[in-house]
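Nothing in this text is a laboratory measurement; each read-out follows from the coordinates by a stated rule. These numbers were taken from a predicted model, which means no experiment stands behind them. Positions of Cβ are generated from backbone atoms using ideal geometry, with glycine treated the same way; all protein chains shown enter the neighbour counts.
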Amino acid sequence: MKKILIVEDERNFARFMELELMHHGYAVTVVGSGQEGLETATRDASWDAILLDAMLPGLHGFEVCRGIRRAGFATPVIMLTARDSVTDRVSGLDSGADDYLPKTFAFEELLARIRAVIRRSKRGSGAAQAALAYRDLRIDPVAGTVSKAGVVLELTKREYELLLVLMNHRDRVLSRAMLLDLVWGYDCEAGTNVVDVYVRYLRNKIDDPGQRSYIHTVRGIGYVIRS
């Protein structure tokens, strides 16, 4: 039975989601504050997914998500909020959320998104466990770390996942749309330019000044790491 943690301060809404998810076979735990949500989410790694309200009393939902990622947990997080501006969606994703869903959703859509993030999470955990190396870069998928010349780099969750996808598909040109799907896992309304932004972030962290980039741009198509 899949375990879902709901972090939501609106009791009626939380109870509705709890009952519906239980009806569909999920084991559900509900907490009503950001601090309690962070403590519960990081107590163990048994959660299959977390539904996290962005507007919480005490500790903001974005801070809760960042705290989960800083603690080293890769549990899929779906951010739920009444706010649906591009800025809010980007803030949610940058905080480490895997998906972002306005509260006007149909419940069937929420179920589909939960299945999708869990599926991607399981697929990622079953990916190649051997370390990947290119030039002086090394990715350890088990530890979830990237090192350059033996020094561990501080990458965000998205930066790490983007680099891992490019390394796993070395010598294959990946379009921006493919990278968006493989890394973000849904049709990002911010557009495929978000891929360009994160490639730039990565280059700033892994490239040496004056040296050729690890990540090559294929004009009009996308990006590739060439052997």
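If you rank Asp98, Asp208 by fewest surrounding Cβ atoms within 10 Å, what's the result?
Numbers: Asp98 27, Asp208 12.
Listing Asp98, Asp208 from fewest to most nearby Cβ atoms yields Asp208, Asp98.
Kindly put Met1, Met55, Met79, Met167 in sequence by how many other C-beta atoms sit within 10 Å of each C-beta, fewest to most.
Values: Met1 9, Met55 16, Met79 27, Met167 20.
If I rank by nearby Cβ atoms, fewest first, I get Met1, Met55, Met167, Met79.
Let me have the relative contact order for the range 132-224, percent, based on Cα pairs under 8 Å that are six or more residues apart. After rounding, I find 25 percent. Inter-label distance, Gln211 to Leu19: 6.0 nm, where each label sits 7 Å from its Cα along the C-beta direction. In this label model, Val224 and Leu153 are separated by 2.0 nm, measuring between points 7 Å along each Cα→Cβ vector. Take every DSSP beta bridge whose two residues both sit in the chain; close to 45 percent of them are antiparallel. Available extension along the chain between Ala133 and Val197 is 20.7 nm, counting 0.36 nm per residue and deducting the alpha carbon span.
Neighbouring Cβ atoms within 10 Å as the yardstick, rank Lys205, Lys157 fewest first.
Working: Lys205 15, Lys157 21.
So the ranking, lowest neighbour count to highest, is Lys205, Lys157.
Distant-in-sequence amide contacts of Val77, defined by a placed amide H-H separation under 5 Å and a gap of 5 or more residues or a different chain, comprise Ile50, Asp98, Asp99.
In straight-distance terms, cross-link reach from Lys2 covers every one of the aspartates and glutamates whose alpha-carbon lies under 12 Å from its own, apart from those fewer than eight places away in the same chain; here that gives Asp48. Rounded to the nearest 0.05, the FRET efficiency derived from the C-beta distance between Asp171 and Arg69 at R0 = 22 Å is 0.10.
Given a Förster distance of 25 angstrom, what is the FRET efficiency for Met55 paired with Thr145, based on the Cβ-Cβ distance and rounded to 0.05?
On the way: r = 33 Å, r/R0 = 1.32.
Approximately 0.15, to the nearest 0.05.
Here the spin labels are modelled as points 7 Å beyond Cα on the Cα-Cβ line, and at Thr40 and Thr104 they lie 2.8 nm apart.
Give the label of the value calculated from the structure for Cα extents along the principal axes in Å, choosing from (i) 54, 40, 31; (ii) 47, 45, 27; (iii) 57, 34, 31. Here the calculated entry is (iii). Output the relative contact order of the chain, whole-number percent, from Cα pairs under 8 angstrom with separation of 6+ residues. That works out to 13 percent.
Please give me the summed charge of the neighbours of Val173: other residues whose Cβ is under 12 Å from its Cβ, Lys and Arg +1, Asp and Glu -1. Please report the intermediate quantities before stating the final value.
Working: positive: Arg170, Arg172, Arg176, Arg219, Arg226; negative: Asp171.
Counting the neighbours of Val173, the net charge comes to +4.
Couplings 3J(HN,Hα) of the range 147-156, computed from phi: 10, 10, 6, x, 9, 5, 8, 9, 10, 6 Hz, in residue order, whole Hz [Karplus 6.51 cos²θ - 1.76 cosθ + 1.60, θ = phi - 60°; x for Gly and Pro]. Only helices enter the 222 nm calculation for the chain: every DSSP H run of n ≥ 4 contributes -39,500 (n - 2.57), and dividing by all residues gives -12000 deg cm²/dmol, rounded to 500.
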